[in-house]
């Protein structure tokens, strides 16, 4: 699902859930507080960071492969907790 499709779906859901004249639509309130997660963006950040510290391409590839599997095994909240406790 693209970000555009996600936002459209959220807007339609919000229209169904929000009574007319009672504050912000649900979808608008959610859109202001949520970030859209992208594994591709996470991989891009990792690639750029590793390039900046001089990692070789084979090391970057091994790291990305490990990240791919970890992303399936660990939730976003668990990953954030791991980062905060590092």
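Computed values, structure above
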read-out	value
Meets criteria (surrounded by 10 or more Cβ atoms within 10 Å (Cβ to Cβ) and modelled with pLDDT of 95 or more) for residue 18	no
Verdict on residue 28 being closer than 28 Å to residue 7 by Cα and either exposed (fewer than 13 other Cβ atoms within 10 Å of the Cβ) or modelled with pLDDT of 95 or more (or both)	no
Test result for residue 46, in a helix (DSSP H, G or I) and at pLDDT below 75	no
Selection from the stretch 57-75 of residues that are under 15 Å from the mean Cα position of the chain (by Cα) and surrounded by 11 or more Cβ atoms within 10 Å (Cβ to Cβ)	67, 68, 70, 71, 74
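The values are calculated or read from the model by the stated rules, or taken from the named source; none is laboratory data. The shown structure was predicted, so the numbers you read here are calculated from the model rather than taken from an experiment. Glycine gets a Cβ as well: all are built from the backbone with ideal geometry, and neighbour counts include every protein chain shown.
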